[in-house]
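Step one of this worksheet: look at the structure below.
Derivation of every value follows stated rules applied to the coordinates shown; laboratory data play no part. Quick caveat: nothing in here was measured; it's all calculated off a predicted structure. Every residue, glycine among them, receives a Cβ derived from its backbone with ideal geometry; neighbour counts consider all protein chains shown.
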Amino acid sequence: MKYPKVVAESLPSQTPPHSRRLRLASFNIQTGINTTSYREMLTGSWRHVWPIRQRLANLNRIGQFLKPFDIVGLQEVDGGGLRSHRIVQTQHLAQEGGFPFWYNQVNRRVGTIAMHSNGLLSRIKPHEVEDHKLPGLPGRGAFIARYGGRPGHDSLHVCVVHLALSRRARMQQLGYIAELLQGLPHAVVMGDFNCGPDSPELNLLIRSTELSDPAESLHTWPSWQPNRMIDHILVTPSLQADRLRVLHFACSDHLPIAMDIVLPGTIHLQHH
């Protein structure tokens, strides 16, 4: 389903970067909950449904931390539930980090308590965003932001995902995403995949598209003792990937992952 005017403008438009190099990041922010141990994951599970004072302070830290980036994909964002004091967290991070454009995709509502969402922070205005519900149990989604001119060889597509916990559902979801990306030569897929680089489901996506995962061993979870690589940024061959890295910023149960890309000359970003 297409939403041609979904990207909100949080601040007066700024001049985007003149370089063809873009700084990308992906971060599962766990709705602003700072988790520091497995024990805290269990004993502090109530924080996922109850408003806590520290959540806003953590969001402010995250917003400041993300300032150096041009495009950020967010997972486990709250879209304005009671647990986040009715704050749309993507919008708050956009304002805190100075991002002129943001988008929030609500995938699951739990009454008025929680609105589980994916989010986009951007210093460049996307031409449009496509919103998709992923196969499997309700509550998982993905969106594709298109930057540049007409769909195809002169535009960049950025897909942000948060996949299911079960392998069977992830296989279905990545098969669906592979179909969405068919024929798009300049694409990025990033997010919390809940699976490692050698998993059958990630291999399915790579076999079905031109995407590749430039990272080999960037452990992002759990943030206090990372030993699993479940957050990924994949790119098509036309996008030159550089400076792949995990960012050692513990403000969630995940660590953020970052990558720089160099755009081909055919892509003309929409500057304001």
The range 209-265-the range 99-150 distance, computed between alpha-carbon centres (Å): 20
Phi-based couplings in Hz for the range 121-126 (Karplus 6.51, -1.76, 1.60; Gly and Pro marked x): 10, 8, 8, 10, 7, x
Virtual spin-label span in nm between Arg207 and Gln54, 7 Å along Cα→Cβ: 4.4
Sequence of Asp231, Asp78 once ranked by neighbouring C-beta atoms within 10 Å, starting from the fewest: Asp231, Asp78
Residues whose placed amide H lies under 5 Å from that of Arg86, excluding near-sequence neighbours: Gly81
Using θ = phi - 60° and Karplus 6.51 cos²θ - 1.76 cosθ + 1.60, couplings along the range 162-176 (whole Hz; Gly, Pro as x): 9, 8, 6, 7, 8, 5, 4, 5, 5, 4, 5, 5, 6, x, 5
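Can you give the alpha-carbon Rg of the range 20-262 over 2.2 N^0.38 Å, where N counts its residues?
0.94
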Additional length obtainable on full extension of the chain from Ser217 to Asp242, 0.36 nm per residue less Cα span: 7.5 nm
Derived scalar couplings ³J(HN,Hα) [the range 256-262; Karplus, 6.51 cos²θ - 1.76 cosθ + 1.60; whole Hz; x for Gly, Pro]: x, 10, 9, 7, 9, 10, 10
Val262 versus Gln64: modelled label distance in nm, points set 7 Å from Cα along the beta carbon direction: 3.4
Listed peptides 83-89, 69-75, 212-218 by packing density, highest first (mean Cβ within 10 Å): 69-75, 83-89, 212-218
Distance-filtered residues of the range 75-93 - backbone nitrogen under 13 Å, label point 7 angstrom along Ile113 Cα→Cβ: 81-84
For Gln240, residues with placed amide H under 5 Å, excluding near neighbours: Val262
Likely footprinting exposure, Tyr147, Tyr176, fewest C-beta neighbours within 10 Å first: Tyr176, Tyr147
Gyration tensor verdict on the range 50-115 (Cα atoms; rounded if a/c is under 1.5, prolate if a/b is larger than b/c, oblate otherwise): oblate
Exposure proxy order (Cβ contacts within 10 Å, fewest to most) of Glu201, Glu179, Glu128: Glu179, Glu128, Glu201
